[in-house]
1. Being touching a Lys or Arg at 6+ places or on another chain (Cβ under 6 Å), surrounded by 11 or more Cβ atoms within 10 Å (Cβ to Cβ) and of a type in the set (A, V, I, L, M, F, W, C) narrows it down to one residue among B:Val22, B:Val77, B:Val37; which is it?
2. Could you list, in sequence order, the residues of the stretch A:129-148 that are surrounded by fewer than 21 Cβ atoms within 10 Å (Cβ to Cβ) and polar (S, T, N, Q)?
3. Within the stretch B:41-61, identify whether any single residue is without any contact (Cβ under 8 Å) to a residue 24 or more places away in the chain, open to solvent by 40 Å² or more (accessible area, probe 1.4 Å), within 14 Å of chain A (Cβ to nearest Cβ) and out of contact with any Leu (no Cβ under 6 Å at 6 or more places or on another chain), and answer yes or no.
4. What number of residues in the stretch A:194-203 are open to solvent by less than 10 Å² (accessible area, probe 1.4 Å) and either within 24 Å of A:Leu79 (Cα to Cα) or part of a loop (DSSP other than H, G, I, E, B) (or both)?
5. Do we have any residue at all in the stretch A:69-76 that's of a type in the set (D, E, K, R), within 16 Å of the chain's Cα centre (by Cα) and open to solvent by 40 Å² or more (accessible area, probe 1.4 Å)?
6. Picking from B:Glu13, B:Glu64, which residue would you name as being within 14 Å of chain A (Cβ to nearest Cβ) and surrounded by fewer than 13 Cβ atoms within 10 Å (Cβ to Cβ)?
7. Go over the candidates A:Ala152, A:Ala186 one by one and state the one that is open to solvent by 60 Å² or more (accessible area, probe 1.4 Å) and either at pLDDT below 95 or under 19 Å from the mean Cα position of the chain (by Cα) (or both).
8. Given the conditions (1) out of contact with any Gly (no Cβ under 8 Å at 6 or more places or on another chain); (2) more than 9 Å from chain B (Cβ to nearest Cβ); (3) crowded, with 24+ Cβ neighbours inside 10 Å; (4) not acidic (Asp, Glu), report the number of the one that A:Tyr57 does not fulfil.
Amino acid sequence: MTTRVGVVTFPGSLDDRDAQRAIRLAGAEPVALWHRDKDLHQVDAVVLPGGFSYGDYLRAGAISRFSPVMGTVIEQAKLGMPVLGICNGFQVLTESHLLPGAMLRNNHLHFICRDQKLRVENAGTAWTTDYQAGQEISVPLKNMDGRYTADARTIDELESEGRVVFRYLDLNPNGSINDIAGITNAAGNVVGLMPHPEHAVEPLVGTGGTDGLGFFTSVLKQLVSS
Amino acid sequence: MARVVVDVMLKPEILDPQGQAVQRALPRLGFTGIADVRQGKRFELEVEGPVDDAALARIREAAETFLANTVIEDFTVRVEGSE
């Protein structure tokens, strides 16, 4: 059976189709999930895509977190289902408390859109096994509320447990603490990051590189072997 | 109907670049002597029925779970008045 990876569409999601395309290119079957539907339609993993769900009203990701589909995603994530939150999806994951900390407005107050170099710090999560720890990759970044923050105790915990998965290289685009670009939960099945790997999966578009494809091939391998 | 006001502010230790941008603009506009600005959010809730302890408890719960993100924000709840 093909591996099914769900992609949730919230009102205001922008990158759901790109995420579906990345999943297809990696060799899995993308399944469109609707935010009002509690049912995950037998998917093996879920991607929460980028965009501006509910227009980022209140706070980025705050309203989506209470959508019917998120109730089920939170339940399943706690049982070990792989969940990847990209950009707005990362914001939904922190608002859901599936990942610790919170996202704030970029420290310079500008929307930022650039190719971003990252260092893979943890190649042991469900979404990063096709990378190597220390590997440098380049994927697009575009956001307004990308400044990751958490209290000192949480940051110590993330750092000492190796739960910082990606760090910004060369330039910290938003004032994120410790140059953190992405983190994981203690179990390693839930990963959130601000940059967009789904925009770097084909040589013809985006950065022109395919550095982002590894996310989707990683989860596919993990699901096939489990 | 009574009005309940929920004020939400970034915690003091969290950098507030929006407040800083406003603070920097003030002297340019001739408003001097303002040492710091922090920007928050105010929610005005028009409540049906009496604002008793139970209603206030529900509003505090709404503030804590939804209106504010207590990882980064503090909030206060107060009744503004009734007609």
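The values are calculated or read from the model by the stated rules, or taken from the named source; none is laboratory data. Since this is a predicted model, take the numbers as computed values, not measurements. Backbone-built Cβ (ideal geometry, glycine too); neighbour counts: all protein chains shown. Accessible surface areas use protein heavy atoms only, side chains included; no ligands, DNA or RNA. Shrake-Rupley method; radii C 1.70, N 1.55, O 1.52, S 1.80 Å.
1. On inspection, the qualifying residue turns out to be B:Val77.
2. Selection gives A:Thr129, A:Gln132, A:Gln135, A:Ser138.
3. yes
4. Residues meeting the conditions: 4.
5. Among the residues of the stretch A:69-76, not one is of a type in the set (D, E, K, R), within 16 Å of the chain's Cα centre (by Cα) and open to solvent by 40 Å² or more (accessible area, probe 1.4 Å), which makes the answer no.
6. The match here is B:Glu13.
7. Values: A:Ala152 fails: either at pLDDT below 95 or under 19 Å from the mean Cα position of the chain (by Cα) (or both).
Going through A:Ala152, A:Ala186 in turn, the sole match is A:Ala186.
8. Among (1) out of contact with any Gly (no Cβ under 8 Å at 6 or more places or on another chain); (2) more than 9 Å from chain B (Cβ to nearest Cβ); (3) crowded, with 24+ Cβ neighbours inside 10 Å; (4) not acidic (Asp, Glu), the lone unmet condition for A:Tyr57 is (3).
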